[in-house]
1. Give the Kirkwood hydrodynamic radius (Å, one decimal) of the stretch 180-286, defined as one over the mean of 1/r across all pairs of different Cα atoms.
2. Using modelled amide H (1.01 Å from N, peptide plane; none on Pro or chain starts), what sits under 5 Å from the amide H of residue 66, excluding residues fewer than 5 places away?
3. If one puts a single equal scatterer on every Cα of the stretch 1-95 and applies the Debye formula without solvent, what log₁₀ I(q)/I(0) results at q = 0.19, 0.26 Å⁻¹?
4. Show me, for the stretch 41-55, the HN-Hα J-couplings you get by feeding each phi into the Karplus relation (A = 6.51, B = -1.76, C = 1.60, θ = phi - 60°), rounded to Hz, glycine and proline as x.
5. Among the lysines, which have Cα under 28 Å from the Cα of residue 260 when same-chain residues fewer than 8 positions away are ignored?
6. Would you mind counting up the charge near residue 43? Only other residues with Cβ under 13 Å from its Cβ, with Lys and Arg at +1 and Asp and Glu at -1.
7. Per residue of the stretch 278-285, what does 6.51 cos²θ - 1.76 cosθ + 1.60 with θ = phi - 60° give for ³J(HN,Hα)? Whole Hz please, x for Gly and Pro, Karplus curve as stated.
8. Give me the Å³ per residue figure for the convex hull around the C-alpha atoms of the stretch 35-85.
Amino acid sequence: MLGKKLYFFGGKGGVGKTTVSSAFSLLLAKAGKKVLIISTDPAHSLSDLFETNVGPEVREVLPNLFATEIDPGKEVSTYVESALNAVERAVSPEVFSQIKEVFHAVEHTPGVEEAVTVDTLSRKILDNLRGFDCFVVDTAPTGHTLAMLRTVERVGRWMEELIERKMRAESLKEMAGTETGGHGTLRILKERRERLTGFARLVFSEDTLFVPVMNPERLSILETERLIENLEHMGVGVTHLVVNKVLPEETDCEFLRKRKTQEREYLELIGKRFRNLRVLTLKMKPTDLKGIGDLEKVAEELEAEL
């Protein structure tokens, strides 16, 4: 598990993805790896966990450990404004007014945030590929993450179709003796295709590992099963599974004893249903994690499980 270039940590909302991915990143950094952890979850928690403002820029939060957060909503708005600035110079004010309405409507189209997240994530990783030993992605809840990975899967075909259509249009204009001026756009499309295709090759290669994070609860088990089925269908590597927030073995509380009895049944079920995976377990903490000291303890617990 420790020898990969790219790691995704994902699962149901609230299972502790940020804690586990951050502890794993810290573990890698303490082993001498230069690590970049990236959050794609709109509800960012990296800043809270590391007790520092992370933000969209790559910044060092600990020795060997760097962090950055992607805000899909802000990225979409930035893309739309950039496109509008380019279009405004090429059309009349009347036409631009109509185009502007369409572009802003696109901001709320299903799938746009996932596509922009993929584009931004690919840049942050590929532009820094030689600068870091490995990358850890703290993902959004399951549905958003699967949509993002499906976008990675399809993006090459989309770009090929866009380029083919653009080339046909430019060819027809040249045959008609019309000045096209579209070669710059074609160059940009080809550059984006190369980058996104390269990112897809990395994501679906042996250098990438997806680590599902779950709790020993019924709904979490069911969602994790579906997640792994989808990942395997797409060809994303899954070899390890983290079961987080496991109750302590002994307790004086009758309520917790009953919960523990049920939890043991779920842990046995997890062992059976995910028998092809290495299952790592992390104990529930008596208090919320606060600061690097608490995170280091989780990293040590995770290291002991590996």
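None of the figures in this text is laboratory data; all of them are computed from the coordinates on show. Source: prediction; values computed, not measured. Quick reminder, even Gly has a Cβ in these numbers, built from the backbone with ideal geometry, and neighbours come from all protein chains shown.
1. Details: mean 1/r = 0.0595 Å⁻¹.
16.8 Å is the Kirkwood radius here.
2. Amide H neighbours of residue 66, under 5 Å, 5+ apart: 35, 36, 37, 61.
3. Values returned for q = 0.19, 0.26 Å⁻¹ are -0.90, -1.40.
4. 8, x, 8, 5, 10, 4, 4, 5, 5, 8, 6, 7, 7, 7, x
5. In chain and number order, the partners are 12, 17, 245, 272, 283, 285, 290, 297.
6. Details: positive: 17; negative: 41, 48, 69, 71, 138.
Result for the local shell: -4.
7. Those phi angles translate into 7, 9, 9, 10, 10, 6, 5, 8 Hz.
8. Working: hull volume 3.8 nm³, N = 51.
Cα-based convex hull of the stretch 35-85, divided per residue, equals 74 Å³.
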